[in-house]
Amino acid sequence: MKTLLILLFLPLLLLAENPFEKKLPFEEAIIEYSLGGSQKGVETLYIKDFGRKRVLYKKVTTKIIAKSQEKFIITTPKWIYTKNQKTNIAYRVPNLNYLLYIRFKELNKKEQQKVLKNLKIIKYLPIQSSQFKIEKNYTVVNNIPCNLLIQKSNKECYSYDGALLLKSEIRFLGFNKSEILYNIFQTKVDPNLFDLSNYKIVDNKLKSVQAYEKSKKIIDFLKRNINTKTIFIKTKKTEDYNQEIQEGIKALKNIGQP
(Lines give C-alpha, C1' and ligand atoms only; values in the text may rest on other atoms or scores of the structure.)
Protein backbone atom coordinates (compact mmCIF):
# COMPACT_ATOMS: atom_id res chain seq x y z
CA MET A 1 0.00 0.00 0.00
CA LYS A 2 1.35 3.39 -0.88
CA THR A 3 2.09 5.67 2.02
CA LEU A 4 0.31 8.97 2.51
CA LEU A 5 3.59 10.82 1.93
CA ILE A 6 4.07 9.30 -1.52
CA LEU A 7 0.43 9.92 -2.39
CA LEU A 8 0.55 13.60 -1.54
CA PHE A 9 3.64 14.33 -3.59
CA LEU A 10 2.28 12.94 -6.83
CA PRO A 11 2.05 15.62 -9.56
CA LEU A 12 -1.07 17.76 -9.31
CA LEU A 13 -3.47 16.21 -11.79
CA LEU A 14 -6.15 17.81 -13.94
CA LEU A 15 -8.60 18.53 -11.16
CA ALA A 16 -11.07 19.99 -13.66
CA GLU A 17 -11.85 16.36 -14.48
CA ASN A 18 -12.22 15.36 -10.85
CA PRO A 19 -15.67 13.72 -10.43
CA PHE A 20 -15.54 14.41 -6.68
CA GLU A 21 -15.31 18.18 -6.97
CA LYS A 22 -18.53 20.09 -6.42
CA LYS A 23 -18.41 23.47 -8.12
CA LEU A 24 -20.44 26.55 -7.37
CA PRO A 25 -22.16 28.53 -10.16
CA PHE A 26 -20.22 31.71 -9.35
CA GLU A 27 -16.46 32.23 -9.71
CA GLU A 28 -15.87 34.52 -6.72
CA ALA A 29 -18.06 35.53 -3.80
CA ILE A 30 -18.23 36.61 -0.18
CA ILE A 31 -20.85 34.70 1.79
CA GLU A 32 -22.09 35.72 5.23
CA TYR A 33 -23.74 33.58 7.89
CA SER A 34 -25.57 34.55 11.06
CA LEU A 35 -24.80 32.43 14.13
CA GLY A 36 -27.04 31.56 17.05
CA GLY A 37 -27.50 29.21 19.97
CA SER A 38 -24.65 28.65 22.40
CA GLN A 39 -22.31 30.78 20.33
CA LYS A 40 -22.42 34.32 19.02
CA GLY A 41 -20.28 35.97 16.40
CA VAL A 42 -19.61 36.12 12.69
CA GLU A 43 -18.78 33.59 10.01
CA THR A 44 -17.70 34.60 6.51
CA LEU A 45 -16.84 32.34 3.59
CA TYR A 46 -14.64 33.69 0.79
CA ILE A 47 -14.91 31.86 -2.54
CA LYS A 48 -12.54 31.79 -5.52
CA ASP A 49 -12.33 29.58 -8.60
CA PHE A 50 -15.97 28.40 -8.33
CA GLY A 51 -15.40 27.08 -4.81
CA ARG A 52 -12.19 25.16 -5.40
CA LYS A 53 -10.46 27.74 -3.21
CA ARG A 54 -12.10 28.89 0.02
CA VAL A 55 -11.35 30.78 3.19
CA LEU A 56 -13.72 30.33 6.12
CA TYR A 57 -13.32 33.01 8.80
CA LYS A 58 -14.90 32.52 12.21
CA LYS A 59 -14.96 34.87 15.18
CA VAL A 60 -17.19 33.49 17.90
CA THR A 61 -17.90 33.73 21.59
CA THR A 62 -19.49 30.79 23.41
CA LYS A 63 -21.28 30.57 26.73
CA ILE A 64 -18.44 28.45 28.08
CA ILE A 65 -15.58 30.64 26.81
CA ALA A 66 -16.47 34.31 27.11
CA LYS A 67 -13.42 35.48 25.16
CA SER A 68 -13.89 35.61 21.38
CA GLN A 69 -11.94 33.10 19.30
CA GLU A 70 -10.77 33.56 15.72
CA LYS A 71 -10.10 30.86 13.16
CA PHE A 72 -9.16 30.81 9.48
CA ILE A 73 -9.66 27.61 7.46
CA ILE A 74 -8.13 27.80 3.99
CA THR A 75 -9.12 25.20 1.40
CA THR A 76 -7.15 24.64 -1.80
CA PRO A 77 -7.57 21.87 -4.39
CA LYS A 78 -4.85 19.87 -2.64
CA TRP A 79 -4.75 20.96 1.01
CA ILE A 80 -6.85 22.32 3.88
CA TYR A 81 -5.05 24.64 6.31
CA THR A 82 -6.13 25.89 9.72
CA LYS A 83 -4.27 29.06 10.72
CA ASN A 84 -3.32 29.79 14.30
CA GLN A 85 -3.11 33.58 14.57
CA LYS A 86 -1.23 33.59 17.88
CA THR A 87 1.61 31.23 16.93
CA ASN A 88 1.88 31.83 13.16
CA ILE A 89 1.41 28.12 12.56
CA ALA A 90 -0.85 26.66 9.88
CA TYR A 91 -1.82 23.03 10.35
CA ARG A 92 -2.62 21.21 7.14
CA VAL A 93 -4.40 18.03 6.07
CA PRO A 94 -4.89 16.74 2.52
CA ASN A 95 -8.11 17.73 0.77
CA LEU A 96 -10.30 14.65 0.61
CA ASN A 97 -11.28 15.57 -2.97
CA TYR A 98 -7.66 15.24 -4.02
CA LEU A 99 -7.13 11.90 -2.27
CA LEU A 100 -10.29 10.51 -3.85
CA TYR A 101 -9.22 11.66 -7.28
CA ILE A 102 -5.79 10.03 -6.92
CA ARG A 103 -7.44 6.76 -5.92
CA PHE A 104 -9.97 7.10 -8.75
CA LYS A 105 -7.20 7.55 -11.33
CA GLU A 106 -5.50 4.38 -10.04
CA LEU A 107 -8.58 2.28 -10.85
CA ASN A 108 -8.94 0.42 -14.11
CA LYS A 109 -11.43 1.72 -16.66
CA LYS A 110 -14.18 -0.71 -15.65
CA GLU A 111 -13.87 0.27 -11.99
CA GLN A 112 -13.90 3.96 -12.86
CA GLN A 113 -17.12 3.53 -14.83
CA LYS A 114 -18.71 1.77 -11.87
CA VAL A 115 -17.67 4.57 -9.50
CA LEU A 116 -19.14 7.23 -11.82
CA LYS A 117 -22.38 5.27 -12.14
CA ASN A 118 -22.74 4.92 -8.37
CA LEU A 119 -22.04 8.63 -7.84
CA LYS A 120 -25.02 9.40 -10.08
CA ILE A 121 -27.21 6.93 -8.17
CA ILE A 122 -26.35 8.54 -4.84
CA LYS A 123 -26.97 12.02 -6.23
CA TYR A 124 -30.57 11.38 -7.28
CA LEU A 125 -31.82 8.65 -4.95
CA PRO A 126 -33.89 9.32 -1.79
CA ILE A 127 -31.91 7.97 1.17
CA GLN A 128 -33.00 7.01 4.66
CA SER A 129 -31.77 4.79 7.50
CA SER A 130 -32.08 4.54 11.26
CA GLN A 131 -28.93 6.68 11.59
CA PHE A 132 -29.58 9.47 9.09
CA LYS A 133 -31.70 10.53 6.16
CA ILE A 134 -31.52 12.96 3.27
CA GLU A 135 -34.53 14.95 2.13
CA LYS A 136 -34.15 16.34 -1.39
CA ASN A 137 -35.36 19.91 -2.11
CA TYR A 138 -36.26 20.36 1.56
CA THR A 139 -36.48 24.14 1.63
CA VAL A 140 -35.21 27.39 0.10
CA VAL A 141 -32.68 29.69 1.77
CA ASN A 142 -31.84 33.05 0.20
CA ASN A 143 -33.66 31.91 -2.95
CA ILE A 144 -31.48 28.76 -3.19
CA PRO A 145 -33.07 25.29 -2.82
CA CYS A 146 -31.27 22.84 -0.57
CA ASN A 147 -31.21 19.19 0.47
CA LEU A 148 -31.50 18.39 4.17
CA LEU A 149 -29.15 15.92 5.87
CA ILE A 150 -30.47 14.74 9.25
CA GLN A 151 -28.27 12.77 11.62
CA LYS A 152 -29.79 12.21 15.06
CA SER A 153 -30.40 15.75 16.43
CA ASN A 154 -28.20 17.47 13.84
CA LYS A 155 -29.64 19.03 10.69
CA GLU A 156 -27.62 20.47 7.79
CA CYS A 157 -28.98 21.88 4.55
CA TYR A 158 -26.71 21.91 1.46
CA SER A 159 -27.11 23.23 -2.07
CA TYR A 160 -25.31 22.74 -5.40
CA ASP A 161 -24.84 18.98 -4.85
CA GLY A 162 -23.32 19.57 -1.41
CA ALA A 163 -20.94 22.36 -2.45
CA LEU A 164 -22.42 25.01 -0.15
CA LEU A 165 -23.89 24.87 3.34
CA LEU A 166 -27.01 27.04 3.63
CA LYS A 167 -28.14 26.38 7.19
CA SER A 168 -27.48 24.03 10.08
CA GLU A 169 -28.68 23.15 13.56
CA ILE A 170 -26.33 21.11 15.72
CA ARG A 171 -27.04 19.87 19.25
CA PHE A 172 -24.65 17.93 21.45
CA LEU A 173 -24.69 17.43 25.24
CA GLY A 174 -26.39 20.72 26.02
CA PHE A 175 -24.49 22.65 23.36
CA ASN A 176 -26.48 23.97 20.44
CA LYS A 177 -25.23 25.81 17.39
CA SER A 178 -27.18 27.26 14.50
CA GLU A 179 -26.12 29.11 11.38
CA ILE A 180 -27.90 30.34 8.31
CA LEU A 181 -26.68 31.99 5.13
CA TYR A 182 -28.13 35.47 4.74
CA ASN A 183 -25.96 37.21 2.11
CA ILE A 184 -24.06 36.25 -1.04
CA PHE A 185 -22.02 38.99 -2.69
CA GLN A 186 -20.65 37.92 -6.06
CA THR A 187 -17.54 40.08 -6.01
CA LYS A 188 -13.77 39.87 -6.25
CA VAL A 189 -12.01 38.29 -3.27
CA ASP A 190 -8.71 39.57 -1.91
CA PRO A 191 -6.02 36.98 -2.88
CA ASN A 192 -4.02 37.92 0.24
CA LEU A 193 -6.52 35.94 2.29
CA PHE A 194 -4.90 32.80 0.87
CA ASP A 195 -1.34 33.93 1.65
CA LEU A 196 0.49 31.53 3.99
CA SER A 197 4.02 32.79 3.28
CA ASN A 198 4.49 34.04 6.86
CA TYR A 199 3.23 30.84 8.45
CA LYS A 200 5.05 27.70 9.43
CA ILE A 201 3.27 24.75 7.78
CA VAL A 202 2.82 21.73 10.06
CA ASP A 203 1.20 18.49 8.96
CA ASN A 204 -1.61 17.25 11.17
CA LYS A 205 -0.53 13.63 10.98
CA LEU A 206 -3.53 12.11 12.75
CA LYS A 207 -6.14 13.86 10.62
CA SER A 208 -4.08 13.23 7.47
CA VAL A 209 -4.09 9.50 8.12
CA GLN A 210 -7.82 9.64 8.84
CA ALA A 211 -8.42 11.39 5.49
CA TYR A 212 -6.30 8.81 3.72
CA GLU A 213 -8.26 5.96 5.32
CA LYS A 214 -11.57 7.66 4.54
CA SER A 215 -10.64 8.03 0.86
CA LYS A 216 -9.95 4.30 0.69
CA LYS A 217 -13.25 3.47 2.37
CA ILE A 218 -15.24 5.70 0.01
CA ILE A 219 -13.63 4.36 -3.16
CA ASP A 220 -14.05 0.77 -1.97
CA PHE A 221 -17.70 1.55 -1.30
CA LEU A 222 -18.22 3.10 -4.74
CA LYS A 223 -16.70 0.06 -6.46
CA ARG A 224 -19.56 -2.10 -5.16
CA ASN A 225 -22.38 -3.48 -7.26
CA ILE A 226 -25.13 -1.40 -5.69
CA ASN A 227 -28.63 -2.83 -5.51
CA THR A 228 -30.76 0.27 -4.95
CA LYS A 229 -33.81 -1.70 -3.84
CA THR A 230 -32.09 -3.45 -0.95
CA ILE A 231 -29.31 -1.08 0.06
CA PHE A 232 -30.34 2.56 -0.18
CA ILE A 233 -34.07 2.76 0.52
CA LYS A 234 -35.13 1.33 3.84
CA THR A 235 -38.54 -0.35 3.88
CA LYS A 236 -40.23 -2.82 6.19
CA LYS A 237 -39.09 -5.65 3.92
CA THR A 238 -35.42 -4.69 3.71
CA GLU A 239 -32.57 -4.53 6.16
CA ASP A 240 -31.06 -1.27 7.33
CA TYR A 241 -27.66 -0.14 6.01
CA ASN A 242 -24.60 -1.74 7.45
CA GLN A 243 -22.12 0.57 9.15
CA GLU A 244 -19.74 0.76 6.18
CA ILE A 245 -22.46 1.98 3.81
CA GLN A 246 -23.73 4.54 6.31
CA GLU A 247 -20.28 6.03 6.75
CA GLY A 248 -19.60 5.96 3.03
CA ILE A 249 -22.69 7.95 2.07
CA LYS A 250 -22.28 10.48 4.87
CA ALA A 251 -18.70 11.12 3.87
CA LEU A 252 -19.73 11.67 0.24
CA LYS A 253 -22.28 14.29 1.22
CA ASN A 254 -19.70 16.52 2.87
CA ILE A 255 -16.86 16.32 0.38
CA GLY A 256 -15.36 19.73 -0.24
CA GLN A 257 -16.63 21.40 2.89
CA PRO A 258 -13.99 23.31 4.86
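The values are calculated or read from the model by the stated rules, or taken from the named source; none is laboratory data. These figures come from a predicted structure and were not determined experimentally. No Cβ is skipped: glycine too gets one built from the backbone with ideal geometry, and neighbour counts run over all protein chains shown.
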Worksheet, complete the sentence: Filtering segment 103-129 down to residues that are within 26 Å of Lys48 (Cβ to Cβ), at pLDDT below 90 and either charged (D, E, K, R) or part of a strand (DSSP E or B) (or both) yields Lys123
Worksheet item: What is the one condition in (1) at pLDDT 85 or above; (2) more than 25 Å from Asn88 (Cα to Cα) that Tyr241 does not satisfy?
Response: (1)
Item to complete: Quick one: which residue in Ile47, Ile30 is surrounded by 15 or more Cβ atoms within 10 Å (Cβ to Cβ), within 19 Å of the chain's Cα centre (by Cα), farther than 29 Å from Ser215 by Cβ and at pLDDT 85 or above?
Response: Ile30
Discussion item. Filter segment 174-192 down to the residues that are in contact with a strand residue (DSSP E or B) (Cβ under 7 Å, 6 or more places away or on another chain) and either without any contact (Cβ under 8 Å) to a residue 60 or more places away in the chain or not basic (Lys, Arg) (or both) and list them by number.
Written reply: Asn176, Ser178, Glu179, Ile180, Leu181, Tyr182, Asn183, Ile184, Phe185, Gln186, Thr187, Val189
Discussion item. Given (1) surrounded by 14 or more Cβ atoms within 10 Å (Cβ to Cβ); (2) in contact with a Ser or Thr (Cβ under 9 Å, 6 or more places away or on another chain); (3) part of a strand (DSSP E or B), identify the lone condition not met by Leu100.
Written reply: (3)
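Can you tell me which residue among Phe175, Phe194 is out of contact with any helix residue (DSSP H, G or I) (no Cβ under 6 Å at 6 or more places or on another chain), of a type in the set (A, V, I, L, M, F, W, C) and modelled with pLDDT under 90? Before the answer, list the steps.
Values: Phe194 fails: modelled with pLDDT under 90.
Just a single option satisfies the conditions, and that option is Phe175.
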Item to complete: Identify the single condition in (1) modelled with pLDDT of 90 or more; (2) surrounded by 14 or more Cβ atoms within 10 Å (Cβ to Cβ); (3) not in a helix (DSSP H, G or I) that Tyr182 does not satisfy, given that it satisfies every other one.
Response: (2)
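Okay, residues lined up against (1) surrounded by fewer than 14 Cβ atoms within 10 Å (Cβ to Cβ); (2) under 22 Å from Leu24 (Cβ atoms); (3) touching a residue at least 60 places away in the same chain (Cβ under 8 Å):
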{"residue": "Tyr138", "(1), (2), (3)": "no, yes, no"}
{"residue": "Val141", "(1), (2), (3)": "no, yes, no"}
{"residue": "Leu148", "(1), (2), (3)": "no, yes, no"}
{"residue": "Gln151", "(1), (2), (3)": "no, no, yes"}
{"residue": "Asn154", "(1), (2), (3)": "no, no, no"}
{"residue": "Gly162", "(1), (2), (3)": "no, yes, yes"}
{"residue": "Phe172", "(1), (2), (3)": "yes, no, no"}
Worksheet item: What are the residues in segment 204-224 that are touching a strand residue (DSSP E or B) at 6+ places or on another chain (Cβ under 6 Å) and either of a type outside the set (S, T, N, Q) or free of Cβ contacts under 8 Å to residues at least 24 places away in the same chain (or both), if any?
Response: Lys207, Ala211
Worksheet item: Yes or no: Tyr212 in contact with a helix residue (DSSP H, G or I) (Cβ under 6 Å, 6 or more places away or on another chain) and either farther than 24 Å from Thr76 by Cα or surrounded by 14 or more Cβ atoms within 10 Å (Cβ to Cβ) (or both)?
Response: yes
